[in-house]
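Each reported figure results from applying straightforward, stated rules to the coordinates on display, with no laboratory input. All values derive from a computational prediction rather than experimental measurement. Counting neighbours? That spans all protein chains shown, and the Cβs are built from the backbone with ideal geometry, glycine included.
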Amino acid sequence: MPSTAHSISLAFGTAASTLVGQALGAGRREAAVSAGWRATHLSLVVAVVLGGAWAAMPRFLAGLFTHDAALIDELVPFMITLALAQPALQSHFALGGAHRGAGDTFTPFVAAAIGNSRCACRLAFLFALAFDAPVLWIWLAILVDHVARAVWLEARER
């Protein structure tokens, strides 16, 4: 299931990039802005559907991949974390695609650097090594990564 979310995110990012680039190439700036936001809004609809499904039935979905009850118990918190991450994950891919379509590759790069190296890696390291926290805290660091990226890209879009 997580790879499904990633594939859909990539699709929205690619679509946003293409539509924004085509509109800008045709000299239609407003259409480009509209296309980027439309892709982002549609990605949020998908995020609600996917996130809702993962939040509503994490045990069932985890059971599609394994019959090991102990492993399913471990996967349930991850599935819920993934559900919570969906809006940020979907929107940061769409917004990043819109930026790239406009020829701005630096802003998505900064978003990735902020999310990965400034947030997720440091938090995961802190939780795992300094606090010896359970793995759920590592997954929450991934959630922070996606939120940081989405916030940065949205703020730069305005």
Just to be sure, is Ala32 touching a residue at least 24 places away in the same chain (Cβ under 8 Å), hydrophobic (A, V, I, L, M, F, W, C) and surrounded by 14 or more Cβ atoms within 10 Å (Cβ to Cβ)?
-> yes
Determine if the range 12-25 includes at least one residue that is assigned to a helix (DSSP H, G or I), free of Cβ contacts under 8 Å to residues at least 24 places away in the same chain and hydrophobic (A, V, I, L, M, F, W, C).
-> yes
Before we move on, is Ala120 without any contact (Cβ under 8 Å) to a residue 60 or more places away in the chain, crowded, with 20+ Cβ neighbours inside 10 Å, in a helix (DSSP H, G or I) and in contact with a Cys (Cβ under 6 Å, 6 or more places away or on another chain)?
-> no
Return yes when Pro108 is assigned to a helix (DSSP H, G or I) and crowded, with 21+ Cβ neighbours inside 10 Å and no when it is not.
-> yes
